[in-house]
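Coordinate-derived values only; no laboratory data. These numbers come from a predicted model, not from an experiment. Cβ placement follows ideal geometry from the backbone for every residue including glycine, while neighbour counts extend to all protein chains displayed.
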Amino acid sequence: MAIKALRGMNDIFSPEIHVWQLVEDHARKLFALYGYEEVRTPVLEELNLFVRSIGETTSIVEKEMYSFVDRKGKALALRPEGTASIVRAYIQNERAQSDPVARYYNIGPMYRYERPQQGRYRQFHQIGAEVFGIANPRIDAEMIHMVDQFFQGLGIDDLEIELNSLGCPICRPGFTKKFSEYLDSHQSSLCEDCHRRTQKNPLRALDCKQETCMTLMKEAPSIQDDLCDECEGHFDTVLTHLGHLGSSFSVNHKIVRGLDYYLRTTFEFTTSQLGTQNAVAGGGRYDGLVRLLGGPNVPGIGFAVGMERLIELILLKQKITPSVLAPTVYGIAMGDAAHELMIQVAQSLRRSHIFVEIDYEGQSLKAMMRRADRRQTPWVVIMGDEEVNKGIFILRNMGTKEQKEIPMGEVQQLPQRIKT
Ligand SMILES: [Zn+2]
Ligand SMILES: [Zn+2]
């Protein structure tokens, strides 16, 4: 039996791969305009990194870690998200020593061992970015606006931006207590998950997608009423500045994201077009995380875009049509002498940045012309013994079916010829 890819892990081919590359290029160019530099970290880390940062009682760590023990008995995990690894790298490489301010982005695969289903995979991809060393709420707004620009640039202009403040270690405990009491008094209406969560991680009930919990949350106490003055001021500045930047948004006090490290600003970009998995991007502030993982007391904020969902959305909206790359010139040579000359013609064209593909497999002119047709090339260069002897090659326009004999000496002018 042939070996197959692991469950929930996909191969990505042409034509879709061209959409992936386009999205990645767009991210690289846009993020560079805001001062972000790429950072690449290993996909495999110590399990503990994620347990400590994401939180022991989060559903990622409780049920979704792609973890295993290596030959020396060390507990490892494939990264379930990008932030923890980048924070680890920032600390380990002492990036904060000369200047704590740093902006990084990261593109790559993430892993969660959950039951694969529509839109959820065991290997999925994220584009994410992190800013370290800036406590000013204007950076929160700038980052959210940059994500907005990222989507707009791909023709996705109808996402909802929703923001919340999760408070800070000073004001959140008061709210959590009040909220837990509310849950306790409505135990019977909670779903099984939330029931279990009330002890360890009650806030997760806020964004539970079960009908009964959602109804219950409508009347639940809101974090808004418990924010301390500093958190309230921070949130107000984020909203004001985001408005000045020209992004439209709404405030949703039920956004908690599923990770323990978030505080103050959290945000999601959502769509109603992909069923219940409606967040395409999300992020938030994590001021205590660098210190929690053993680094200096440096604030941080980050976001991640789910690439599979984004690509699905792009294809659904037909904003970008995936196409197979067609060679501009297709080379057909018959006989050894013709092949030698064809290589020279091709190299000359490639020096002018023209995409040339030579047919090395065709058994007959007819078979090679058929492949040229399939490759949707606009131009074909044909050469056989007769042409070699005459010192020419044939240039065929596949659209008009017109053929011209061109002297080998005029190969330098070929780029001009095929552009007109
Ligand atoms: Zn606060
Ligand atoms: Zn629930």
- Item | Whole-angstrom gap from the range 1-62 to the range 110-131, using each part's C-alpha centre | 7
- What is the sum of charges around residue 11, taking Lys and Arg as +1, Asp and Glu as -1, for the other residues whose C-beta is under 15 Å from the C-beta of residue 11? +1
- Query: Cα-based Rg of the chain per 2.2 N^0.38 Å, rounded to two decimals?
  - Reply: 1.28
- Note on the structure: The extension gain from residue 43 to residue 188, computed as 0.36 nm times the residue separation minus the Cα-Cα distance, is 48.0 nm
- With a ≥ b ≥ c from the Cα gyration tensor eigenvalues, square-rooted, and the rule rounded for a/c under 1.5, otherwise prolate when a/b > b/c and oblate otherwise, the range 325-420 is rounded
- Note on the structure: Row for the range 91-151, column shape: gyration tensor on C-alpha, a ≥ b ≥ c, rounded if a/c < 1.5 i.e. under 1.5, prolate if a/b over b/c, else oblate; value oblate
- Message: Tell me which cysteines of the chain come out unpaired when the rule is another cysteine's Cβ under 4.7 Å.
- Response: 168, 191, 194, 231
- Report the FRET efficiency, 1/(1 + (r/R0)^6), for residue 272 and residue 419, where r is their Cβ-Cβ distance and R0 is 60 Å, rounded to 0.05. 0.85
- Relative to the present Cα-Cα distance, how much length would full extension add between residue 13 and residue 69 at 0.36 nm per residue of separation? 16.9 nm
- Gap separating the Cα centres of the range 222-244 and the range 388-410, nearest whole Å: 70
- Message: In whole Hz and in residue order, list the ³J(HN,Hα) couplings for the range 234-241 that follow from phi through the Karplus curve 6.51 cos²θ - 1.76 cosθ + 1.60, θ = phi - 60°; x for Gly and Pro.
- Response: 4, 5, 4, 5, 4, 5, 4, 5
- Proximal lysines relative to residue 200, as straight alpha-carbon distance under 25 Å, when same-chain residues fewer than 8 apart are discounted: 63, 177, 178, 209, 218, 254
- the range 268-420, relative contact order [Cα under 8 Å, separation at least 6], %: 16
- Query: In whole percent, what relative contact order does the range 329-419 give with Cα contacts below 8 Å and a gap of six or more residues?
  - Reply: 31
- Query: Mean separation of Cα pairs under 8 Å and 6+ residues apart, divided by the residue count of the chain: what relative contact order is that in percent?
  - Reply: 16
- Note on the structure: FRET efficiency (residue 390, residue 318; Cβ distance; R0 56 Å; to 0.05) is 0.70
- What full-extension length gain, to one decimal in nm, is calculated for residue 403 and residue 240 as 0.36 nm per residue of separation minus the Cα-Cα distance? 52.2 nm
- So what is the calculated 222 nm ellipticity per residue for the chain, using -39500 (n - 2.57) for each DSSP H run with n of 4 or more, over all residues, to the nearest 500 deg cm²/dmol? -11000 deg cm²/dmol
- Choose one of 111, 161, 212: the residue whose Cα lies farthest towards the positive end of the charge dipole of the chain (beta-carbon charges +1 Lys, Arg; -1 Asp, Glu; about the Cα centre). 111
- Using the alpha-carbon centroid of each, what span in Å lies between the range 304-367 and the range 252-269? 45
- Charge tally in the Cβ shell below 14 Å around residue 240, where Lys, Arg are +1 and Asp, Glu are -1, residue 240 excluded: -3
- What size of dipole, in debye to the nearest 20, comes out for the chain about its Cα centre when the only charges are +1 on Lys and Arg C-beta atoms and -1 on Asp and Glu C-beta atoms? 880
- Note on the structure: The local net charge around residue 154, scoring Lys/Arg +1 and Asp/Glu -1 for residues other than residue 154 whose Cβ lies under 15 Å from its Cβ, equals -3
- Note on the structure: Yeah, the range 368-420 with a ≥ b ≥ c from its alpha-carbon gyration tensor (a/c under 1.5 is rounded, else prolate when a/b outruns b/c, oblate otherwise) is oblate
- Task: Could you rank the peptides 232-241, 278-287, 34-43 by their average count of other C-beta atoms within 10 Å per residue, with the highest value first?
- Result: 278-287, 232-241, 34-43
- Query: How would you order 295-306, 408-419 from highest to lowest mean count of nearby Cβ atoms within 10 Å?
  - Reply: 295-306, 408-419
- Once the Cα gyration tensor of the range 206-318 is diagonalised, semi-axes √(5λ) in Å: 25, 20, 16
